[in-house]
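What follows is a single structure, written as C-alpha cells, with notes after it.
Please treat every number below as a calculation from the coordinates, not as lab data. This is a predicted model, so every value here is computed, not measured. Cβ atoms come from the backbone with ideal geometry, glycine included; neighbour counts cover every protein chain shown.
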Amino acid sequence: MESWAWLIVWLPLLGFLFNAVSGLIFGKQRARRLVAYVAPGVVLAAFVLAVVATLQVMGAPDHRVIVPLIPGASATAPWIDFAFLRVNFALLLDPLLMLMALIVTGVGGLIHVYATGYMADDPEQPRFFTYFNLFIFMMLLLVLAENFLLLFVGWEGVGTCSYLLISFWYTDPDNARAGNKAFIVNRVGDLGFVLGMLTVWSVFGTFSFFTADHKGVMDLAMAHKDFAGHPLGDLTTNFFGGITVPTLTLMCLLLFVGACGKSAQIPLWTWLPDAMAGPTPVSALIHAATMVTAGVVMVSRCSWLFVQAPGALRVVAVIGLATAFLGASIGLVQNDIKRVLAYSTISQLGYMFLACGVGAFTWGMFHVTTHAFFKALLFLGSGAVIHSMLGEQDMRKMGGLRKLIPATWAVMFVGTYAIAGFPFLFSGFWSKDAILDSALRSPWGDGLILYAVGLFTAFMTAFYMNRLMWKTFYTDPRFVNGELVELHHGASEEEHEPEGDHTGHEEETTGHAAHAAQHEHGGGYVHSSPPSMMFPLYILALLSIVAGIILYLNGAFRNFLAPSIAPLSLGGLEEGGEIFPQWMGWIISGVVAIGGLILARVLYQQNMQTGELIPEERKEQMERVPLNPYTFLLNKWWWDWLYNKLFIEIGGLFAEGVLWKTIDIGIIDRFVNTLAGAVGRVSSTTRRVETGYVRNYALGMLLGVVALLIGLLVGLRGH
C-alpha cells in the first residue's frame, strides 16, 4: 500500500498543476477541452484508489496504517524536526479517514463531472477547475493527515479555496464580499483551533494522532495520561482571577471553536448562506462533500479526548441543537432556492454536532455520509433548475416546472424526501432517527428536551423543503416561457458578448452566439440540462435512497467505524436509559416528517396562483415590525445586523478613533516623529564638524590629545 497510497492525495494536486498551466501550453480553446476531462478524471481515479486502500486498511492490524506523503520516503521522515518538536510528513489511513476520503473523491468526482456541463460556457472554466482540483487536494490532506499540523495545512487550504471559489465571479462586488466574509469568519475559528493545537502539544508533547510506539495524542488519551505519565483528569489550567479549568476541557473547547468556524455553528455560522455567491457546483462541493464537514470529522477524530471532557461534550450538544433549530427556522422564509438549501445545511450540521455531543460520534458520521448524498443531489438539482431557468434563482419567479423538466423534478423529489426523513424509504430517515434516538438517551439526563427540539426541527425541515418543491415545481408558472432573460452572475458584459463582426453592421449569428443573443433579449425557453449534469444526479438519487438502509440495518456502518471512535465508557460515561423502544421512535419521527410534508402541500395547494402564503402587501406591513416573527426570520434573527453593529460600526469607530487616531497617530507617530526630529536637529549641528579639511581634523585630534593629558594629570595629582 505504501508504494501508491500517496497518489490518493497527489492526483488532485497534479490535476491542479495541469489545469493551471494548460492554457499556456495548449492554447485557450484546446485547454478548455482537456481540462474538462483531466479535472474530474484525477478525482475519480483517486476514488478508485481510495476504495482499494479502504479494503486493505480493514485487513491491517488495528485497522490503521501510516504511509508516507512523499513517494519513496519513509512514513517517519520528518517534515519538521527542531528541538523537541518532530512532525512527520505522513498520511494516516483508518476507517474514519478512509470514509471521508471516499466521500470527498466519490461525491466530489460526481460534482466535477456535473461542473463540466454547468461551467461549459463560462469563459473562466480552466480557472474554475484549477481551484476545484486544489480544493479536493486540500480536503484530502485535511482528512488523511497523520498529525494536527498537517491537518491544519489542509484546514487553511480549504479555507483559501473556498474564498477563491465563493468569489469566483469577482466582478460582482457582492460575490467578492461573500468570499471575504467566509475567509474572515473562518479566521476567528482558526484562532481557537491554533490555541487548541498548542494546548495539545503542551499536554501530549506531539502532534501525531497515532504512532507505532503508541505515544501519539490518541494513544496517550486512551491510556488516560499525558506525555509525562500524569493522569489527564488531574491536569488543570489557571487563569487570571483564580479561575481553574480542567486542561482537557479547555483543549476540547478550543478545538471546537475551530469546528464552529469551518462547520458554520453558532456563533460563526453567518458566512455559509453568503457562500451561495459562487457557482452551484461550488455550493455542492462545500456543503456536501468537503469544507463544512471538516469540523465534524475533526471532533470525531478527537473523540478520544472529548469523551474525557464531559463539560466540553455537553457544549457541543447544546450548540449543535441550537444551530439545527436556527438554520431550520430561517429556512422557512427564504425565497432563493440555493439559500433554502444553505440554511438546511446549517441545520443538518447542527444534527451532526448534536450526535457528537451525546457521544454518538458514529451516528454523526453516518449523517455526514447520507447528507453528502442527498445534499449534493439537492444542490446540483437546484443548479439544474437554475440552468433551465437561464440563471434565475428566485422561487417567486418559478412554478410549474414539473412538466417542463420532469427529470430534474424527479431527482429533486428524491433529495427532498431524503432530507425530510420520509420513513424507511430514504437514507436521511435512518441517519436522522439514529441521532434523535441517541439524543433521547443522552448521558446528561436531558434526553427528552434534546429529542423534542430535534423532532420539531425535523418537522420544520420537512415543511420548508416541500415548500421549495411546491414553489418551484407545482404551483402555477410565474414566468412566460419563451420570454426568459439570461442572468449573468458576475461576469462582465464583454465576456458574454456574442462572437461575430463588430465593425458596426449587423451580421446573422448562429450557434451559441445566436442562442446567447436570443436569451439576452428575452427570448429564452426553459430547457433540460445536458447529460453531463443529469448523470451524476441519477447516481446521487440512487444513493440517497438505498445507502441508509444498507449501512444501518445490518450494523455495517457501526462496525466499520468502531476502531476509530472512542466509546463513552472511556470517559466514565454511559448512555441514559431507554424511554421508549426504537421502533416507536421510528414511528414518531416518520409521522413528524410526513406531517411537515403534508402541511406544506395543503397550504400551497390553496395558493397555486401566487405560490405565496402571505400577500405581498401584508409582508410589507410585517417587515416594518422588527420583532414580527416573519421579519425576525427573514432577517436571520438579526444576527448579521448585530455583527455589523458590533464589529463594523462600533468596531470601526473604535479602530478609527482609538487604534488609529489616538494610538497610531497620536502616540506612535508623534513619538517616532519627535524622535526623528531630534535626531535630525542633532545631526544638522554635528555634521558641521565634517568640513573635509585635513587641518581641521588634525586640530581636533590635537585637542583630543590635550584633553586626555589633562585628564591623566588630574588623576595622578589625586594620588
For this session: Just need the relative contact order of the chain here, percent rounded to a whole number, with Cα pairs under 8 Å and 6+ apart.
Result: 12 percent
For this session: Using every Cα-Cα pair within the stretch 1-150, state what percent have a distance larger than 25 Å.
Result: 34 percent
Problem set entry | Qualifying lysines (Cα of each under 30 Å from Cα of LYS262; at least 8 residues distant if same chain) | LYS181, LYS215, LYS225, LYS338, LYS375, LYS432, LYS636, LYS645
For this session: List the relative contact order of the stretch 1-88 as a percent without decimals, with contacts defined as Cα pairs under 8 Å and 6+ residues apart.
Result: 31 percent
Seminar exercise, completed: Ranked output for segments 344-350, 674-680 by mean other Cβ atoms within 10 Å, highest leading, reads 344-350, 674-680
For this session: Highest first, please rank the peptides 451-459, 608-616, 260-268 by the mean number of other Cβ atoms sitting within 10 Å of their residues.
Result: 260-268, 451-459, 608-616
For this session: When a/c is below 1.5 the answer is rounded, else prolate if a/b is larger than b/c, else oblate, so apply that to the stretch 187-238 with a ≥ b ≥ c taken from the square roots of the Cα gyration tensor eigenvalues.
Result: oblate
Seminar exercise, completed: A correct fewest-to-most ranking of VAL113, VAL299, VAL48 by other Cβ atoms within 10 Å would be VAL48, VAL113, VAL299
Exercise. Using the Kyte-Doolittle scale, which helices in the chain average at least 1.0 and also have C-alpha atoms spread 15 Å or more along the helix axis, with helices defined as whole DSSP H runs?
Worked result: 7-26, 28-58, 95-118, 125-144, 148-166, 247-262, 310-331, 406-420, 447-469, 531-553, 582-605, 694-718
For this session: Highest first, please rank the peptides 174-185, 229-240 by the mean number of other Cβ atoms sitting within 10 Å of their residues.
Result: 174-185, 229-240
Seminar exercise, completed: From the Cα centre of the stretch 166-245 to that of the stretch 610-689, the distance in Å is 29 Å
Exercise. Which value at 222 nm does the chain reach when only helices count, each DSSP H run of 4 or more adding -39,500 (n - 2.57), with the total divided by all residues and rounded to the nearest 500 deg cm²/dmol?
Worked result: -20000 deg cm²/dmol
For this session: Starting from the Cα of ALA212, step 7 Å toward the Cβ, then list every residue of the stretch 56-72 with an amide N under 12 Å from that point.
Result: 66-68
Exercise. Between the stretch 381-406 and the stretch 51-122, how many Å separate their Cα centres?
Worked result: 37 Å
Problem set entry | Residues in the stretch 323-339 that a label on ILE588 would reach, taking backbone N under 13 Å of a point 7 Å out along Cα→Cβ | none
Seminar exercise, completed: Simple spin-label estimate for LEU24/ALA73, 7 Å along Cα→Cβ, in nm, reads 2.5 nm
Problem set entry | Full-stretch length increase - PHE671, LEU191 - with 0.36 nm per residue and alpha-carbon distance subtracted | 169.6 nm
Problem set entry | Cβ-based exposure ranking for TYR474, TYR131, TYR525, in which fewest neighbours within 10 Å come first | TYR525, TYR474, TYR131
